[in-house]
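First the structure, in the form of structure tokens, and then the observations on it.
The values are calculated or read from the model by the stated rules, or taken from the named source; none is laboratory data. Predicted model only: the values in this text are computed from it and were never measured. Neighbour counts run over all protein chains shown; Cβ positions are idealised from the backbone, glycine included.
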Amino acid sequence: MFGFAEDLDDYGAPNELTHPEDLPRVLEELGKLFLDPVYSPTLQYRFATAEGDYKWIESTFSNMLSNPDINGIIINFRDINERKIAEDLLRESEYFFKESQRAAFMGSYRFDLQTNHWTSSEVLEQIFGIDREYDRNFQGWLDLAHPEDLEMMSKYFTEEVVGKGLPFNKEYRIIRKSDGEVRWVLGLGKLSTDANGNIQSMTGTIQDITDRIQAREALNENENKYRELFEANTDSIAIFLISPEGQPQFIDCNENNARLLGYSNEEIYHISPDQIEIRVSEEEQMFRIKELRDKGFVDFETKLIHKSGRLIDVEIKAKVIKFKNQLAVLNISRDITNRKQQEESLKQSNELNNSLLQAIPFGIDIVDESGNILFMSDNLRKNIGKDTVGHKCWELYCDDREQCEKCPLKRGIKIGETRFYEAEGILGGKTFHISHTGMMFHGQLAMLEIFQDITDKKEVEKKVKLLAYSLESIGECVSITDNDDKIIYVNKSFVHTYGYSYEELMGMHTSGLRSPDLAFEHVRDILPITIEGGWCGEIMNRKKDGSLFPISLSTSIIKDEYDNPIALIGVARDITEHRRARAELIAAKEMAEESNRLKTAFLNNMSHEIRTPMNHIMGFSSLMAEVQGAEKDEFAQIILKSSNQLLTLIENVILLSRLQSEISAVSRNEINPGNLITNLGKLFSSECTRKNIGLNLRIPQGHLEQSILSDQEKIKQILTNLISNSIKYTTTGFVEVGYELHQKEIKFYVKDSGMGIPLHEQQKVFDSFYRSEQALTMAIGGTGLGLSIVRELVHALDGTLELESEPGKGSCFTLTIPVEHTGTSRVKEAVLSKPHLPLQEVTILIADDEQINFLYFEILLKKSVKKLDHAGNGEIAVAMAAKTKYDLIFMDLKMPVLDGYDATRRIKQRHPGTPVIAQTAYATTEEREKALLAGCDDFIPKPMKKNLLLEMIQKYS
Ligand code: ADP
């Protein structure tokens, strides 16, 4: 049985032959056997064979130890090896079946259609969630089905399976009984029929495929999702196979891929990926292959060929993938045409920027916050003479301290903010205009500095400024106008002269400044003539206030360096003053001519006027010796009259020239106008009687006592001249003299019924030496000085003189002078209060170096006065005055040794009460003042008239 030889001893003890795994069990049973002789176990175990392997045996052990014959243990052996192996195999296959059912979650069933009962495996029970009590019939199966699948199931089973005898193969849903969960199952089954073809039963499996269905759904969902992503991706995605033998071939691609290349979705699959790319160098191809092989992907840029032939710039990411177990390439291409274009334009603009940066005539650098120079343009480098990139910016400047203080970075310049300043005397003494702009440079705050060399510009500016200041400071009005004559610049003088503001003048047409009275043609001509070269002349212009004034204007054209006219310049001068001066000059010239003419006439006249009395004086003087008695007296009268005539003439000439050359001092005496007129009346009454004309004095009632303050001498002189003229130019009728006293003025008038003055001569008669035509025709004597003297005197008194006259009817001269009233006259009392010495008691000293003058005094006074002494000079006079107390001294001012002034001074020192009368031949005001200062009391003109002399002696003695 075991292949052993008969002699078991050769094989060792039985326990050594028992399988080691079974031995303990066998030995345990043996133990029990030894203890209990009745015990007879049957054991199955493995026992070794002679070949060295084991065989399953079944042994029954019997304790025969008590049997002396045997005294041992009887073991019988039954070979159960075959059975044991079959059993194991069955058990194993059952186990595997069960386990595989469990693992696949698949149960089995058998449905007996005859009995309407089905059996189920353990796993099926789990799948269905049923227990042993569940009704396992057809209805029981339908009850498990999902309500939505129920109809379909029952129909399928009856029609397809039972009806057509097809195997059951259906996925359907059940509701698991144990927990009510919906599960997917795959039911498979096969019908078995009897010999007659009747359906007996159906056996099959039911597998829970819920997980698979869910996985499938999830997969579908995923796949859809990925497809959507695939399609929705803006990049063009393509998958193509690479086979070593043939051309690569598209197997899938999204719509973008087709669209990018201009093909339809169908067309693209007929084109090889090689055909859509421009020829690629072998080197590039090798690179791509190497990258794909080494890294599994490669990125590159290339150009694809559009269906139209146009090239498209793309960026491609290619990756090796496994597609359906084949090696494929996933290609994601992105159209970068725009980016390329942008890059290209960026490149171009960079190039442009660079060339601009280097070309612009400014030095440019970029400086960081710490003052490090990060960039420098060629221009600046040239200016500095070295590359200072990496250096500090202040190393650029000569005066680092000042520049650093001004540095805008230190004062927190902001990005985009620009500041300027001018730095003088840097980089070799030049002037730079520097602009600083805050900017970002390589991610940090920096400053762009632009250096503009403005040294030359500054020089020009200085010149321009000088020019501008010159224009502004000159007195002439300067205007610059455009070619249409509209103002674009005016200087200060212009603004000042015209009264417009600068702003008002800007853009104004020059015609707006011209006088509206100017002839249009005249003004119109200025512009074209100026454009031709220049214009100059005098025109009337108008100020803002409308006032007109003459200007002397000179205009010319301003041309640029190419000789193109750019503007017009006008330089004008206000010639109002100039014109006035010119007019005055002309008037003065005319006056000079007139006075020359008058002077000639005067001289002619004078020679006549002088010669006539001189002839008389000389003629009759020479005859004096030859005549006696009455004839001699008559001759003397003629000589006296002629002398008076001559004297009047000389007096008038001297008076007029004095009045015209000096400012005549006006004295303020108390005057009684009534007395004045009365006295004048007395003076002229004899002459009027002689000419047989009436002299009427008109003194207002009650005015005889009225007095005024004015210059008596001058008024008297005026009235004397007017009255003597009236008498002279009146042959019949009357002469009337009167006055009217008003509040602030007095009006004297001298009226006559004489020959009158024609209107055209009424102005001229006041000119010096002018004599009316009639006066000349009628040979009435005169010098033409009377009215001139009157006019000067009226002027000195601040008065006016009016003339009303009609030829043949008479004239009326009205003198109006301002006066102050003093009330009742005191003059009379004053005169009356002075006690007079009788002439015979008066002692007089005549101080005069001229013997003839003394002689004249002697003839006049010797017999009338008590004593008449003569001093030949001032010193003698002083000595004599010291010895004798004179009542009156007549002092000549011009004397040798000691003049009249000093002599008077000395005499007055000792004898302040002695009146000293200065003898003057119409002294100047200066002379008079000097005399008064020296102490003289009054003046007496030379040659002396007897009447006046006596009046004076009376007055002061
Ligand atoms: P004269 O009398 O010496 O000629 P005047 O200057 O006094 O010079 O006068 C100027 C002129 O005015 C005189 O020549 C005369 O023609 C005229 N005239 C002056 N007064 C009168 C008058 N009362 N009546 C007419 N003519 C007068």
Limited to region 773-783, what total is found for residues that are near the ligand (Cβ under 10 Å from one of its atoms) and under 20 Å from residue 652 (Cα atoms)? 6
Within region 881-891, does at least one residue satisfy the condition of being part of a helix (DSSP H, G or I) and under 27 Å from residue 946 (Cβ atoms)? yes
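Can you tell which of 93, 62, 40 is closer than 30 Å to residue 207 by Cβ and among the polar types (S, T, N, Q)?
From the options 93, 62, 40, the qualifying one is 93.
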Restricting attention to region 667-700, and to residues there that are in contact with a Leu (Cβ under 9 Å, 6 or more places away or on another chain) and among the small types (Gly, Ala, Ser), which single residue is farthest from residue 745 (Cα to Cα)? 685
Inspect region 677-694 for any residue being touching a residue at least 12 places away in the same chain (Cβ under 8 Å), more than 16 Å from the ligand (Cβ to nearest atom), farther than 27 Å from residue 943 by Cβ and part of a helix (DSSP H, G or I) and give the result as yes or no. yes
How many of the residues making up region 477-494 are surrounded by fewer than 18 Cβ atoms within 10 Å (Cβ to Cβ) and either part of a helix (DSSP H, G or I) or of a type in the set (D, E, K, R) (or both)? 4
When you check residue 50 against the structure, is it of a type in the set (A, V, I, L, M) and in contact with a helix residue (DSSP H, G or I) (Cβ under 8 Å, 6 or more places away or on another chain), yes or no? yes
Looking at region 289-299, can you tell me whether even one residue there is over 19 Å from residue 262 (Cβ atoms), modelled with pLDDT under 90 and in contact with a strand residue (DSSP E or B) (Cβ under 7 Å, 6 or more places away or on another chain)? yes
Can you name every residue in region 735-751 that is near the ligand (Cβ under 9 Å from one of its atoms) and free of Cβ contacts under 8 Å to residues at least 60 places away in the same chain? 735
Quick check: is even one residue across region 565-582 under 32 Å from the mean Cα position of the chain (by Cα), modelled with pLDDT of 90 or more and of a type in the set (Val, Ile, Thr)? yes
How many of the residues making up region 564-590 are outside any helix (DSSP H, G or I) and either farther than 17 Å from residue 481 by Cα or of a type in the set (Lys, Arg) (or both)? 3
Among residues belonging to region 706-734 that are among the aliphatic types (A, V, I, L, M), within 16 Å of the ligand (Cβ to nearest atom) and out of contact with any Cys (no Cβ under 7 Å at 6 or more places or on another chain), point out the one that is nearest to residue 813 (Cα to Cα). 722
Considering residues of region 809-824 that are surrounded by fewer than 22 Cβ atoms within 10 Å (Cβ to Cβ) and either of a type in the set (Ser, Thr, Tyr) or closer than 11 Å to residue 718 by Cα (or both) only, the residue nearest to the ligand (Cβ to nearest atom): 814
For region 221-259, give me each residue that is over 22 Å from residue 320 (Cβ atoms) and crowded, with 17+ Cβ neighbours inside 10 Å. 258
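Kindly establish whether residue 531 is farther than 20 Å from residue 474 by Cβ, at pLDDT 85 or above and out of contact with any His (no Cβ under 7 Å at 6 or more places or on another chain). If you could, list the steps in order and put the result at the bottom.
Details: farther than 20 Å from residue 474 by Cβ: yes; at pLDDT 85 or above: no; out of contact with any His (no Cβ under 7 Å at 6 or more places or on another chain): yes.
It is false that residue 531 is farther than 20 Å from residue 474 by Cβ, at pLDDT 85 or above and out of contact with any His (no Cβ under 7 Å at 6 or more places or on another chain).
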Right, residue 166: more than 23 Å from residue 100 (Cα to Cα) and surrounded by 15 or more Cβ atoms within 10 Å (Cβ to Cβ) or not? no
I'm told residue 821 meets every condition in (1) modelled with pLDDT of 85 or more; (2) in a strand (DSSP E or B) except one. Can you identify the failing condition by its number? (1)
Which one of 328, 359, 318 is free of Cβ contacts under 8 Å to residues at least 12 places away in the same chain and either within 60 Å of the chain's Cα centre (by Cα) or surrounded by 13 or more Cβ atoms within 10 Å (Cβ to Cβ) (or both)? 359
Yes or no: region 887-898 includes at least one residue that is touching a Gly at 6+ places or on another chain (Cβ under 6 Å), modelled with pLDDT of 90 or more, closer than 17 Å to residue 940 by Cα and hydrophobic (A, V, I, L, M, F, W, C). yes
Can you confirm whether region 763-772 contains a residue that is on the phi > 0 side of the Ramachandran plot and either part of a loop (DSSP other than H, G, I, E, B) or more than 8 Å from the ligand (Cβ to nearest atom) (or both)? yes
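Matching residues to (1) closer than 21 Å to residue 674 by Cβ; (2) not aromatic (Phe, Trp, Tyr):
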| residue | (1), (2) |
| --- | --- |
| 709 | yes, yes |
| 716 | yes, yes |
| 720 | yes, yes |
| 723 | yes, yes |
| 728 | no, yes |
| 739 | yes, no |
| 748 | yes, no |
| 763 | no, yes |
| 766 | no, no |
Filter result for residue 291 (surrounded by 13 or more Cβ atoms within 10 Å (Cβ to Cβ) and either aromatic (Phe, Trp, Tyr) or not in a strand (DSSP E or B) (or both)): yes
Run down 479, 473, 501 and say which single residue is in contact (Cβ under 8 Å) with a residue 60 or more places away in the chain and either charged (D, E, K, R) or touching a helix residue (DSSP H, G or I) at 6+ places or on another chain (Cβ under 8 Å) (or both). 479
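Here is a yes/no grid of residues against (1) of a type in the set (S, T, N, Q); (2) under 19 Å from residue 332 (Cα atoms):
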| position | (1), (2) |
| --- | --- |
| 214 | yes, no |
| 219 | no, no |
| 225 | no, yes |
| 235 | no, yes |
| 252 | no, yes |
| 256 | yes, yes |
| 260 | no, yes |
| 295 | no, yes |
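Kindly indicate whether residue 381 is modelled with pLDDT of 80 or more, under 28 Å from residue 413 (Cα atoms) and of a type in the set (D, E, K, R).
For residue 381, the condition - modelled with pLDDT of 80 or more, under 28 Å from residue 413 (Cα atoms) and of a type in the set (D, E, K, R) - is met.
Answer yes if at least one residue in region 247-259 is of a type in the set (S, T, N, Q) and touching a residue at least 40 places away in the same chain (Cβ under 8 Å), and no otherwise.
yes
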What number goes with the only condition from (1) without any contact (Cβ under 8 Å) to a residue 40 or more places away in the chain; (2) in a loop (DSSP other than H, G, I, E, B) that residue 776 does not pass? (2)
Among (1) under 30 Å from residue 96 (Cβ atoms); (2) surrounded by 19 or more Cβ atoms within 10 Å (Cβ to Cβ); (3) of a type outside the set (Val, Ile, Thr), residue 117 falls short only on (2)
Of everything in region 784-808, what is more than 10 Å from the ligand (Cβ to nearest atom) and either on the phi < 0 side of the Ramachandran plot or touching a His at 6+ places or on another chain (Cβ under 9 Å) (or both)? Give them in sequence order. 792, 793, 794, 795, 796, 797, 799, 800, 801, 802, 804, 806
